[in-house]
Each structure stands twice: as structure tokens, then as C-alpha cells.
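Below is one structure, written out as C-alpha cells; comments come after it.
The values are calculated or read from the model by the stated rules, or taken from the named source; none is laboratory data. Values in this document were obtained by computation on a predicted structure and should not be read as measured data. Cβ placement follows ideal geometry from the backbone for every residue including glycine, while neighbour counts extend to all protein chains displayed. The protein model used for the area step is the full one, side chains on, heavy atoms only, and it has no ligands, DNA or RNA in it. Shrake-Rupley method; radii C 1.70, N 1.55, O 1.52, S 1.80 Å.
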Amino acid sequence: MRVRIVGPGRAGLSFSRAFTKVGWEVLEHLGRNDDLSNAAEGVDIVLLSVPDQHINEVAQKITVTNSAAIVHISGSLTLDPISQHTRIASCHPLLSLPDPSLGAKRLLDKAWFAVAGDPISIEIARAFDGEYFHIPDEKRVLYHAGACIAANHLVVLLSQVERICEMVDVPFEAYLNLIQGTLDSVTTIGSKKSLTGPAVRGDLSTIQSHLDALPQTEKVLYSCLSEAAQEFATKETKSQNMKA
């Protein structure tokens, strides 16, 4: 299989390395400002790894005279931006790809992919020894919102832990067992049974003491999440009482 990547950023280069490792041939990378008219020449796949707002513009610049498939890796977009071509697909990795080396490793580590369109998207997932699923067009944006919460919002939350660690002069590594243990709990017993701490106990005085101790810059994030935790815990308690 021969591939050309348009958009050699972190995601594009992650895919490029992963393709190479599974024995697929990756031709010269192109940027979205390069001459893209012949991007499909001599390849089976043109993988568009450009920002969502540029996918349609890039796709229009490509002339396909062979059987090459145009594939984008956007999580939120349907196939509409590339619909002018005959063979079209999307293959979104449900992963964080922070740099090409780590990204390629994750792509090849039994990853999950949201696929649509031409079966070539499934072939990519299988080549990477991954799993795949289909998302209806009308739920595509909602699916991607979940991905952003799982990745970006989690990073923002943990960055608050890092800042508090600095304030109390405790290494962030000391919290890693707690963080990993929480993720493991959600994986094994689900979020409903994994919530612990003052929100579950209804210990509002402890929550207030946290807010009193935190600097002003940290109060809003803590307060929002603490309120959400209390609401979640209350709902679960009511649900359990109703079942009983």
C-alpha cells in the first residue's frame, strides 16, 4: 500500500511512522500550501492531516485520476468536506498524538478508530492491529466532544494537581498511584462506583476548607468540578435508594 500524507504535523508524522512500521510505503509529505494537484498520483491513499477548517480547501486542490482514496482523520467532521471525490473515508484515532514517536507507538498499540466511508479506513485500522467502530453523522460532533473531554480536559485537570504540588512542595509523582488507581477503578467497576472523597460523604465543610485554602486562580475550576461531583454523588445515592 502506498500513502501520501498531506499535513506533516504531529498527527500526520505519527501516521507516517506507523504506516512505515507496518510495511506500507509513504511517499513525500506535502503541506497544505504546496502544489497538491498531483498528490494522488502513484498512491493508494492520500491522508489529509490538516486542521478541520482546511480539509475542504485541501481536498478541492487534489485531482484524482486513479483509484486513490482521500481519507481525513478528523474526529468531528463527516465526509462532506471531501465529497467531491469518488473514494472517500475518515479514520479518526481515539488517541492523543503529542509527538511523532509516541504517536506512532500509540497508533500501533491496539488503538480504537472511528471509521466511515470507503473500507480503506477499516483496512488502516486492521493494519495497525486496532479496533474500529462507526459513528452516525449526526452524533459525530458529540463523539468528538467526548474525546476532547477524555484527553484535553483531563490534562487541564491534572495540570491543577501539578500546580498544587508545587505549592505544597510535594512531587507530582506522589499522586500518580492515586491517578492511575482512579483510572483503573473506572475501567473495572465504572464511574458510578469509583467516586470517593468528601462529595460522596456529603462533607461540605471539607470542600469549603479546600476552597478557602486554594488561591483565587484555582478556585473556579475546583468549585465547578466539586459541584459536579456532589451532584453526581447525589444522583447515584438516589438511584441506589430507589432500587433498594
Report task. From zero up to wherever the largest Cα-Cα distance of the chain sits, split into 5 Å bins and tell me the percent of pairs in each. Result -> 1, 6, 11, 14, 15, 11, 9, 9, 9, 7, 5, 2, 1, 0
**Report entry** Rounded to whole Hz, the Karplus (6.51, -1.76, 1.60) HN-Hα couplings of segment 112-122, x for glycine and proline
**Finding:** 10, 10, 8, 10, 7, x, 3, x, 4, 5, 5
Report task. For n ≥ 4 DSSP H runs only, could you compute -39500 (n - 2.57) per run for the chain, divide by its residues and tell me the 222 nm figure to the nearest 500? Result -> -14500 deg cm²/dmol
Query - Segments 202-210, 118-126 sorted - mean Cβ within 10 Å per residue, highest first - result: 118-126, 202-210
Query - Gain on full stretching of the segment that runs from PHE232 to LYS21 - 0.36 nm per residue minus C-alpha separation - result: 71.6 nm
Report summary line: The Cα extents of segment 57-100 along the principal axes, largest first and rounded to whole Å, are 34, 21, 18
**Report entry** Label zone at LEU211 (point 7 Å along Cα-to-Cβ), backbone N below 20 Å, segment 133-164
**Finding:** 157, 160-161, 164
Report task. Could you tally the net charge around MET1, taking each other residue with its Cβ under 14 Å from the Cβ of MET1, Lys/Arg +1 and Asp/Glu -1? Result -> +1
Requested in this report: Arrange the peptides 13-21, 99-107 so that the one whose residues have, on average, the most other Cβ atoms within 10 Å appears first.
Outcome: 13-21, 99-107
Report task. Please tell me the relative contact order of the chain in percent, rounded to the nearest whole number, where contacts are Cα pairs under 8 Å and at least six residues apart. Result -> 13
Report summary line: Among segment 136-165, those whose backbone N falls under 16 Å of a label point 7 Å along Cα→Cβ from SER191 are 142-158
Query raised in the report: Taking the Cα centre of each part, how many Å lie between segment 142-192 and segment 39-58?
Result: 34
Report summary line: Among GluC sites (Glu not before Pro) in segment 17-72, those in a DSSP loop whose Cβ has at most 15 other Cβ atoms within 10 Å are GLU28, GLU41
Query raised in the report: Using the Cβ atoms and a cut-off under 12 Å, what net charge is assigned to the surroundings of PHE19, where Lys and Arg are +1 and Asp and Glu are -1?
Result: +1
Query raised in the report: Rounded to the nearest 5, what % of the DSSP beta bridges within the chain are antiparallel ones?
Result: 20
Query - Accessible area (Å², per residue) of segment 37-183, counting only protein heavy atoms and a probe of 1.4 Å - result: 53
Query raised in the report: Using a 1.4 Å probe on the protein chains only, how many percent of the accessible area of segment 54-198 belongs to carbon and sulfur?
Result: 57
